[in-house]
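Below is one structure, written out as structure tokens, with a few remarks after it.
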Amino acid sequence: MFKQTTLSQTVYIQTDVESLQSKNNITSDNFFTYIIPEQEYMCIFNKLFSLDPIFAEAFPELEGSGIKIKITGEKWCGACYDFTQKAIRFSGPNNIKSSLETLCQIMFHELTHALQYLTRDIPYGERSADVYCITRLPIWIIRDAKNFSYISIPSKVKSDHPKEVKQLAKEAITKRSQGLRNYLVWFESEVNKLKDVHLNGGKEE
């Protein structure tokens, strides 16, 4: 169970910024303060709301950062973090089903991008974001996640060895702090060793 955290953020899930004045805030002891979206996006709103304590537990550094979440109808990305507006943008109606299936994974990746820009503690880049994101993901999300977009993790390894994948991501980051520049390559190599263990029936050679 995740501890509820009261923070001062505001999240906008919307298609029309000017329509915000006609909407009522939903305030509670949540990571975000939510504003009701257009009806067609309520499914995303409801799932985000239910995942709220997971985000609060995983990203305490983002307290008070005022990150917005928008549904913009863009087609060039499923979701992206816009550092110029401090906003996570979803692509809209054509991608709602896909977004719902991977929403928690998407949010962790994009919130990791937010950390890259806001705290400067994480190296820039999509592959770095994936590995750092994995260290914060709950085990059940790693196990059930779709394939990660930028880092190579075989599906069977991800589903059968999620704890080991998370531990390897943490070790990769430790190795980077110790001066290993190719920590991402090291991570993928170690993950592939887990694949070999899986193929050998769980026995290491």
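The values are calculated or read from the model by the stated rules, or taken from the named source; none is laboratory data. Owing to the predicted nature of the structure, the values given are computational and were not obtained by experimental measurement. Ideal geometry is used to build each Cβ from the backbone, glycine not excepted, and the neighbour counts take in all protein chains shown.
Can you work out which of the residues in segment 142-186 that are part of a loop (DSSP other than H, G, I, E, B), under 19 Å from Glu126 (Cβ atoms) and out of contact with any helix residue (DSSP H, G or I) (no Cβ under 8 Å at 6 or more places or on another chain) is modelled with the highest pLDDT?
This residue is Asn182.
Taking Trp140 and the conditions (1) in the same structural domain as Asp52 (by TED's automatic domain parsing); (2) surrounded by fewer than 17 Cβ atoms within 10 Å (Cβ to Cβ), which numbered condition does it fall short on, given that it satisfies the others?
Exception for Trp140: condition (1).
Need the failing condition index for Ile134 against (1) modelled with pLDDT under 90; (2) surrounded by 21 or more Cβ atoms within 10 Å (Cβ to Cβ), just the number.
Result: Ile134 fails condition (1) only.
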